[in-house]
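Readers should treat all values here as calculations from the given coordinates under stated rules, not as data from a laboratory. Keep in mind that this is a model prediction, so the values were computed, not measured. Cβ placement follows ideal geometry from the backbone for every residue including glycine, while neighbour counts extend to all protein chains displayed.
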Amino acid sequence: MQDITIKTATVESVIHCGADTFDKYAPKLKNKQLFIITDSTVNKLYAGLLNQTFGEDAVKYIIPAGEKSKNTRTLLAILNKMLCSDMRRSCCVIAFGGGVVGDIAGLAAALYMRGVEIVQIPTTLLAQVDSSVGGKTAVDMAGVKNVIGTFYQPREVIVDPRFLCTLPKREIKCGLGEIVKHGALNAEIFNKLTKNVKKLFSLEFLEDITYYNIAHKAKVVTEDEKEINGLRKTLNLGHTTGHAFELLNGKRSHGEYVLIGAYYELQIARKYGICGGQYAQSLEKLILSVIKSAPYFEGVERAVQLAAHDKKNETELITLVVPKCEGESAEIKLNREEYALCLKEISDSLRG
Ligand code: GLY
């Protein structure tokens, strides 16, 4: 068990990591007025544990599982339930679930009475290594991902590997997407991953690597909470292309699209002479050890349009954070024609 702390100008967020952290820290929340937000899948698995830990008085709101719940309608329904349940300013929202639950619960907590306390208890690998940490909250609107949101740090995050045992392989793969992304940004994580490439799906290995991922993200968020000085932007490696393919194709999990995006952006970095040699080969091998093969896509022109609307672009150019060398990334900006040519060349080279 180890704690990691994020200290920002206004808040301190403590992340409790490791086995038995749920049993140690969750019962301590019982002395507050609690509003638990979870989803239908997680509730089926853990309704008993929630009751036993937080008692009958805690109000529970269950959203339908899946990305489709991440919208303003669900957000308003949560806020309405909080109001109808007489939640006070001193209440505590518990986000118990994966990334969707964490993002929407975080936003509800930020808005209700101008902000109430939130504790994140992530139950998926992706939420444990990425989305529950760092205070990004959001819902989607009009087909645009995460467009309504704010930065709002959880007071505590409880990251207990016990919840990984009930995850399907697809969910583990999804979390590995963000883990490998952190590997492309942090040499220590990269070396651990490349040395243990055969153990990537083992729960013991994941428990260990989760700590290093959170430590990396916590350091970045402490230095650049609101993505102002550029450091937090590095966490978007693979995401511009990954999000565009996710919106274009939508058949895989978010983490897999991050890896596909990282694969394509690695090839772009190679083409522009930013990344190469042994490091590029090792990173490519690592990505492919999770997704097996990188797919080609029909209609990459549409992906270019989607990437052009990415909120990370500050001009009409498309901004990409690409791998550079061990522990380092680089930001490049391409115009639509250059980016379209890259995607087309890479996609064509992957056609069977
Ligand atoms: N997932 C990227 C970030 O939290 O900044």
Computed over the chain: longest principal axis from alpha-carbon atoms vs helix 99-111 long axis, angle to nearest 10 degrees, is 60 degrees
Computed on Cα atoms, the radius of gyration and Dmax of region 121-258 in angstrom are 14.7, 43
Here the net charge surrounding residue 164, from other residues whose Cβ is less than 11 Å away from its Cβ (Lys, Arg +1; Asp, Glu -1), is -3
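Given all pairs of different Cα atoms, what value in angstroms does the Kirkwood hydrodynamic radius of the chain take?
Working: mean 1/r = 0.0486 Å⁻¹.
Answer for the chain: a Kirkwood hydrodynamic radius of 20.6 Å.
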Once the in-chain neighbours fewer than 8 apart are removed, the aspartates and glutamates whose Cα is under 16 Å from residue 70 read 39, 103, 140, 246
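Please identify every one of the trypsin sites (Lys or Arg not before Pro) in region 40-145 that sits in a loop by DSSP and has no more than 16 other beta carbons within 10 Å of its own beta carbon.
Listed in order of number, the matching sites are 88, 89.
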For region 110-190, using Cα atoms only, the Rg and Dmax in Å read 14.5, 43
Given GluC sites (Glu not before Pro), DSSP loops and at most 11 other Cβ atoms within 10 Å, the longest exposed-site-free stretch of the chain is 57-297
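Give me the count of lysine pairs in region 293-352 whose alpha carbons sit under 20 angstrom apart, restricted to pairs 8 or more positions apart or on different chains. Intermediate results must be reported in sequence, preceding the final value.
Values: 311/333; 312/324; 312/333; 324/333; 333/344.
Within region 293-352, the lysine pair count is 5.
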Reduced to Cα centres, the span from region 1-59 to region 178-200 in Å works out to 28 Å
Looking only at lysines whose Cα falls under 16 Å of residue 219's and that sit 8 or more positions away or on another chain, we get 7, 136, 181, 233
Summing +1 per Lys or Arg and -1 per Asp or Glu among the other residues with Cβ less than 12 Å from residue 248's Cβ gives 0
